[in-house]
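The values are calculated or read from the model by the stated rules, or taken from the named source; none is laboratory data. Everything quoted here is computed from the prediction, not taken from an experiment. Neighbour counts are summed over all protein chains in view; Cβ atoms, including those assigned to glycine, are modelled from backbone coordinates with ideal geometry.
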Amino acid sequence: MREIEKLRERLEHYRNELENENYDAEQDVVDLELEVTEMMHQFDYQNDFDLKGKPREYDALKAILQDIKKLKREFDFYDEQGERDMMFPNGDEEDFD
C-alpha cells in the first residue's frame, strides 16, 4: 500500500504545480494516469482478492484514476481523442475518409 500512497502524493504534487500555473505538469499527470492504468491491469492477474473478487489495491487505484480524471477536467486538459471525436463523430468507422 505504500506504493499507492506514493501515487497519491505525486498526484497532489502535480495538483499543486497546476494550481501554481506550472502547466508543464500536465504531461506528468498524463504519465501518471497511464502508470495507474497499467498497474490496474497487472492487479487483474493477482490472487489477493477482496470479497468483491477484485484485488485489494484495485479499488485504491481506481479511486486515484477517478481523481486524475477529475483533475484533468478541472484544469481543462487538452484531449486529442475527444477533440477528434467532436470534429469527426463517425471517424472511428472503417469506411470513414
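Of note:
- Residues of the stretch 28-58 satisfying the condition of being loosely packed, with under 15 Cβ neighbours inside 10 Å, among the acidic types (Asp, Glu), at pLDDT 70 or above and more than 22 Å from Leu18 (Cα to Cα): Glu38
- Taking the criterion of being over 18 Å from Asp76 (Cα atoms) and part of a helix (DSSP H, G or I), the residues of the stretch 1-31 that qualify are Arg2, Glu3, Ile4, Glu5, Lys6, Leu7, Arg8, Glu9, Arg10.
- Taken over the stretch 1-27, residues that are aromatic (Phe, Trp, Tyr) and modelled with pLDDT under 95 amount to 1.
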